[in-house]
1. Hey, what number do you get for the protein assembly as shown at 222 nm if only DSSP H runs of n ≥ 4 count, each worth -39500 (n - 2.57), divided across all residues, to the nearest 500?
2. With Cβ to Cβ distances under 15 Å as the rule, what net charge do the other residues near residue A:279 carry (K, R +1; D, E -1)?
3. Roughly what angle does helix B:18-47 make with the longest principal axis of chain B, taking Cα atoms, 0 to 90 degrees, to the nearest 10?
4. For helix A:245-265, report the angle its Cα long axis makes with the longest principal axis of the Cα atoms of chain A; keep it between 0 and 90° and round to the nearest 10°.
5. Per residue, what volume in Å³ does the Cα convex hull of segment A:1-153 take up?
6. Over the Cα atoms of segment A:298-418, each weighted equally, I'd like the Debye log10 I(q)/I(0) at q = 0.17 Å⁻¹, rounded to two decimals.
7. Work out, step by step, the length gained on full extension between residue A:13 and residue A:125: first 0.36 nm times the residue separation, then minus their alpha carbon distance; give nm to one decimal.
8. Among A:332, A:303, A:383, whose Cα sits farthest toward the positive end of the charge dipole of segment A:298-418 (+1 at Cβ of Lys/Arg, -1 at Cβ of Asp/Glu, about the Cα centre)?
Amino acid sequence: MSFPWAKHYEPKHPLMQWVDQRLPLPRLVYNAVGAGYPVPRNLNYFWNFGVLAGAALGIQIITGIVLAMHYAANGMVAFDSVEHIMRDVNSGWLLRYAHANGASMFFIVVYLHIFRGLFYGSYKAPREMVWLLGLVIFLLMMATAFMGYVLPWGQMSFWGAKVITGLFGAIPLVGPTIQTWLLGGFAPDDAALNRFFSLHYLLPFVIAAVIILHIWSLHIPGSSNPTGVEVKGPQDTVPFHPYYTAKDGFGLGVFLIIFALMLFFAPNMLGHPDNYIPANPLSTPAHIVPEWYFWPFYAILRAFTVDIFGIPAKLLGVIAMFGSIILLFFLPWLDNSPVRSGNYRPRFKQFFWILVVDVLILGYCGGAPAEEPYVMISQVAAAYYFAHFLIVLPLLAKLERPLPLPGSITEAVLSGHSGSTLSTNTNSAPSAPATH
Amino acid sequence: MVTGEHAVAPQEELPGGEGARRRDFINIAAVSVAGVGAATVLYPLITQMNPSADVLALASIDVDISAIAEGQAIKTIFRKQPLFIRHLTKKEIAEAEKVPLSELRDPQTLTERTKEGHKQWLITMGVCTHLGCVPLGAGEGEARGVFGGYFCPCHGSSYDTAARIRKGPAPKNLEVPEYSFTSDTVVKVG
């Protein structure tokens, strides 16, 4: 679906006409990411991150396929084969650093993409399915990243695998059976390493498939925009190509510069030295931490230190950690405010930034050792995280008085500042965006 | 196939809806067979992930404990996981025995966790019951935590001198594997 004023694909060349009649793939591309997709004219640079996430996935798939040509998934040789890639394989060091840092870049971009959605209310009707599919992609990304980190078979790989599969061991009654089933043994070994490699290779393609669904569901209502006001006419949109291909291209350039700086000047900045020690089942590293992108969730896991109502602390931590993501699936129904954009919700805006700081604090504590004061800070920060979604957002939707919305995207653009009240807006009370 | 199509006439032409019932029966039967078939195919796909025979093969091990002096402990490997064998001192035994069971998260006495006549030999898995790290305390000079037993560096669980959980997130005591004394100095684990 698209807006009625969307440009139509009209192939000029006889060959393209011939193809279009038999397999309208160029037409599909034209309508999806070409001139045939009308996009709100007021998107800011925060709307770059979807395309950047796609680029990051592409980098991961390409470098990953190449690395798999040199890697061997066997406990005896896995660590050595990674060192072989680093020292012997032509350009191997570059490809492996690109893959390892590419994962970090992927998560940075996706976290910005998610917080963009949180601020501008992109998860609200009619785009709930876009949000839900995005969360599915996020979960798949985390599974893929975790299994990828196990493959070098260093100390952090091994102990990370043990701790994370241990999470499933916390499930009452069937936990230990599930853990043994996941690992194919009583501790991480060849069986686990091989299946992780197999799934690590598979899941990125599953992610690519879900991304197609994500974009498909986005293109039904069309992209949201910084005002949160729906598109009302042709004057509110511009064609995706060339306007946003150019804007995204610029963003991609900036992304690649930052990526290259990390890659060439600080390739181990976000890694752990312990992972350059071969896996040793008899010695636990003094300080086990996952990769930085899991730290906020790791902090929530560790925030539970005492049993509550007879439920073991370990199980509570696991429930809270998974709950912190499952919770986001309910967000479109927890935040009932008809106003999407945080720009028109003064109180929401303040709480949004508190949430950002809260997640950063959780991240910091998740990377810190499991001792005071970090445990207590994690407990407070984890409590706020849940309170934000379960208490603050539903209450704000009821109590907050939003600012008046602009009459249309064009009106907001022409006034020069999208966040302020507009004299031409005749609505005295804030109203829901009108187009549905 | 062809004969089947001829045999079952369109349902409205048959008296009493008999044809419809026959069709339903065939439909349910076919879907059921397909369902059972799918489940049968699914089973090997799922169970292949369980530990294979070589992993399961009960490698029982014999450990000579004659060289472990009082107060010392050793780490060895049992089923690819660390095993702690600790020679408790009289003081450690006394400490473990004076703790009231009501204070314990996973109540067990030292006697229940050791073999009769071998109370000084504490044999447990070296796998923290929280998330599976190897606790410190078996090696020379390693931290033993506030209760003098084992200390898990991952999330700060402390075990006492009977390897019972006393503090931190772990829910259970360190697991005591199946073992027996084949002589006074040799233990058969597994």
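1. Taking each H run of at least 4 residues, the total per residue is -15500 deg cm²/dmol.
2. My count for the surroundings of residue A:279 gives -3.
3. Value to nearest ten degrees: 30.
4. Helix A:245-265 and the main axis of chain A meet at about 20 degrees.
5. 170 Å³
6. -0.89
7. The span from residue A:13 to residue A:125 would gain 36.2 nm if fully extended.
8. A:332
The values are calculated or read from the model by the stated rules, or taken from the named source; none is laboratory data. Every value quoted in this text rests on a predicted model; they were computed, and no experiment measured them. When we count neighbours, we look across all protein chains shown, and the Cβ atoms used for this are built from the backbone with ideal geometry, even at glycine. Side chains included, ligands, DNA and RNA excluded: accessible areas come from the protein's heavy atoms. Shrake-Rupley method; radii C 1.70, N 1.55, O 1.52, S 1.80 Å.
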